[in-house]
Each structure stands twice: as C-alpha cells, then as structure tokens.
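The values are calculated or read from the model by the stated rules, or taken from the named source; none is laboratory data. Please read these numbers as outputs of a predicted model, since none were measured by experiment. Using ideal geometry, Cβ is built from the backbone for each residue, glycine included, and neighbour counts are taken over all protein chains shown. The area values use the complete protein model at the heavy-atom level, side chains included, leaving out ligands, DNA and RNA. Shrake-Rupley method; radii C 1.70, N 1.55, O 1.52, S 1.80 Å.
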Amino acid sequence: MAHWFHRNPLKATASVSFNFYGIAGSPAANKICNDLRTTRARLLEMFTDITCNPEIMKNATNAYFSLLQGFIVSLDGTTQENKLRFIQNFKWIDTLQGNAASAQQDAIFELVSMAFNVALWYTKYASRLAGKENITEDEAKEVHKSLKIAAGIFKHLKETHIPRLITPAEKGRDLEPRVIDAYTVQSQAEAQEVTIARAIELKHNAALIAAIAFETANFYQKADHTLNTLDPEYSSKWRKYLQLKQHFYMAYAYCYHGQTLLATDKCGEAIRSLQEAEKCYSKAEALCKEYRQTKGPGSTAKPSEQLFFLKLGGLIKNTLEKCQRENGFIYFHKVPAEAPLLELKASYGLAEPIPFEFPHLSEQCTPEVYATFDLTKGAKDDKAKPKQEEEVKPVKEPDLKPQKDTGCIVS
C-alpha cells in the first residue's frame, strides 16, 4: 500500500420527496420535482457504490445540482431571492458529531451539504485507490487529481456558497470555517504525499524531496491547528492523524535534507539532521499508537505496521549510519548541538486545489415553468397531517479491508 489516509464518515441525510402538491402547477413543474427526487436518490446511492468512479460521480452530481439550481438561481428577471429557495426542509448529519442532525429550510443548505459529501467521496475514492496492491502510474495520477478536486470543492463552498446561508453553521459542524478549512488543507497535503512518492520513485533531487516533505508537514500542522479549539470528544482522533502525518513528513524532510548536506560535504550537519529525523519518526510512531487508542469518528488502522511507514525508519537508520561512517573516516566534523533550521521552499510539486464550479441551470428550469410554481396555492391546499420526524441514520459504507502492503510506491 503506497499511502494510508484517515477518513471521517460520510454525511447522512433524511430522504426528500419534493412533493409540492398544489404548488407545482404544470406537468413540467411536476417533472422537475420528480427528477429532483430521483437524481438525489441516485447520487446518494453512488456515495456507497464501490463501482462508482469520477466520471459516474460527475454525471450524477451534474444531474442533481443542475436541477437544484432551479430553486436557487433567480429565474424571474429580478435580483430577488428565488421563491422556491425556502420551500423544502433538508436535514443532514455531520461527519464528526455522531447522529446529531442539522436542519434548514434552505436549498443552499442542501447544495453545500450534498457538495460537501461529493468532496468527501473524492477523498474516499482516492484512499481506496491508493490502498491497492501495485498501484500503477495512471492510478497514482487519479489519486492525486481526486484529492485536488476535493480540495477545490471544499474551498469553493467556503468562499462562495456557505456565506449565503441564512443560518450560520454551529461550532464543530461540517460547514463551520475551521472544519471545512481542515478538510481542504488535509486534501492538499495528501495530494502532496503522492508527489513525494513519485519523486522518490524517480530518484529526484534530495533537496526537492526534502522541500516538498517540509511543505507537506506544514500543511498537516496547519490543519491540526485549525481544529485545536474544537471539542476533543469528536476531534481528537482526527487530530492525532494530522499530528502523526506532520511528524512523519518532518522526518522525511530532515532525512532528505541530511542527504543534501552530505552531498555538499557538510557531514556534521547531515548527522544532526538525521538525528532530528529519528526524533520526528519516533514521535510519529508514538502518535500512531495514540491514534489507534483514541475513540472518535473515522477508521481504525495500524499505520506504524505498514511497510510505507517501516521503510522510512530503515532509510533514516541507514542514512545516519552512512553519515557517521563517512564522518569517522573522512570529515571528522563536529556534530552541531542544534538541529538545522529548515527553511525549505518547494519550487515544484505543491498541490493546488482544482477550481470547482456547480453545473449550469438545467434546461428544464425555464422562467415559464418557474412561473407555474404557485406558493399561495400550496399554503391554502396543504391539508396533510404533520408526519412523524424521520430519524437520520448513519451511512452504511462499504467495509473495505486494507489490501496486502507490498511496499510499492508507484510502479
């Protein structure tokens, strides 16, 4: 297995019928409502279908979101809110807070909640693909792209659509800035892990690998710090993952920085850099154990027992021993007391989010059809008895066990 990623659960949602009896006053209006119901159900099914791929997901999301835009985009030629925006109630569970649901009668709440799940799907798809035996170069590229797509969706939601919500997200909810920022930065950091694996496989310059690893560690640290004011009950496990990855990639950075120093005949400084790599690696190892023992949302795994983790430990040990041998025979340099200050900037290999835009309004949603939705009739004709509130159950996700770890990075 080339990579191992922590994943929080998918968001769960209550079913939505889009039954607007009396309000939808034409066959075309009724068809939009029926199509909204079926495309929504189809998209929800795709989240847990292990045969789903990015092309299928894109088609499913476009089908639903293009129709949902008919409840959001102004269709009457004015700047006023779409009259259908607040007609339907939507209920969603968050990824961190168990079965506690949030509900808003707002189509934009549905838009951002469903798109959030789409972004999560891309991260889970990337994780599943990265966990395959003998991952190919094309598959590695797809992992890399999927993570950047996820980052782009999270970023777009935060910057463009979440600010339009009438009711702001509560603390610790998925749509709250700290949580969505953490998801964005984590997706970027994981994409850079693929870059690092590729650079190592192709034996790129050690200085470049050290710089990308350093930037990746900083991304994980940033994501962790973003979550530090959330309730530990639901954020601790996620934070342990971010912390262990931060120290893991700091170990990578110091290890490859040590190789760079040795190549420039700075053997004493190289030894000190490798010693610091050992410290970071040991800290990552301890955090792996803490991660396994910490309760909370997300998968449970044994990252410190995976070959990708063990290989770094062997690399640090062998490189340090080589530096010490060289120093004893050739250089006789004094080993500095302080670890080298890493001020590494990667010129290449940094993962930027892929810009995301929602699909255009469906051709079904014309001003003429929009005019046939009559809210006054709906209010007058609605004699239905209030239904018992539906319980939102967690999504039953596929039980995918990790495949055998071959230690392959990218073939």
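Filter the stretch 51-80 for residues that are under 23 Å from the mean Cα position of the chain (by Cα) and assigned to a loop (DSSP other than H, G, I, E, B); which is nearest to L147 (Cα to Cα)?
In this case the residue turns out to be N53.
Can you find even one residue in the stretch 138-146 that is surrounded by fewer than 24 Cβ atoms within 10 Å (Cβ to Cβ) and touching a strand residue (DSSP E or B) at 6+ places or on another chain (Cβ under 9 Å)? The answer is no; no qualifying residue exists. Taking the stretch 41-73 as the range and being among the hydroxyl-bearing types (S, T, Y) and either more than 23 Å from A130 (Cα to Cα) or open to solvent by 50 Å² or more (accessible area, probe 1.4 Å) (or both) as the test, the residues that pass are T51, T61, Y64, S66. Just one residue in the set K380, K387, K393, K334 is at pLDDT below 75, open to solvent by 100 Å² or more (accessible area, probe 1.4 Å) and assigned to a loop (DSSP other than H, G, I, E, B); that residue is K387. Answer yes or no as to whether D181 is among the charged types (D, E, K, R), in contact with an Asp or Glu (Cβ under 7 Å, 6 or more places away or on another chain), open to solvent by less than 60 Å² (accessible area, probe 1.4 Å) and within 24 Å of Q246 (Cβ to Cβ). So D181 does not fit the description; no. Yes or no: the stretch 167-174 includes at least one residue that is in a loop (DSSP other than H, G, I, E, B), surrounded by 22 or more Cβ atoms within 10 Å (Cβ to Cβ) and either in contact (Cβ under 8 Å) with a residue 24 or more places away in the chain or out of contact with any helix residue (DSSP H, G or I) (no Cβ under 7 Å at 6 or more places or on another chain) (or both). Checking the stretch 167-174: at least one residue is in a loop (DSSP other than H, G, I, E, B), surrounded by 22 or more Cβ atoms within 10 Å (Cβ to Cβ) and either in contact (Cβ under 8 Å) with a residue 24 or more places away in the chain or out of contact with any helix residue (DSSP H, G or I) (no Cβ under 7 Å at 6 or more places or on another chain) (or both).
Comparison of A199, A169 shows that the only residue that is modelled with pLDDT under 95 and farther than 24 Å from S146 by Cα is A169. None of Q186, Q221 is at pLDDT 95 or above and either surrounded by fewer than 24 Cβ atoms within 10 Å (Cβ to Cβ) or touching an Asp or Glu at 6+ places or on another chain (Cβ under 6 Å) (or both) except Q221.
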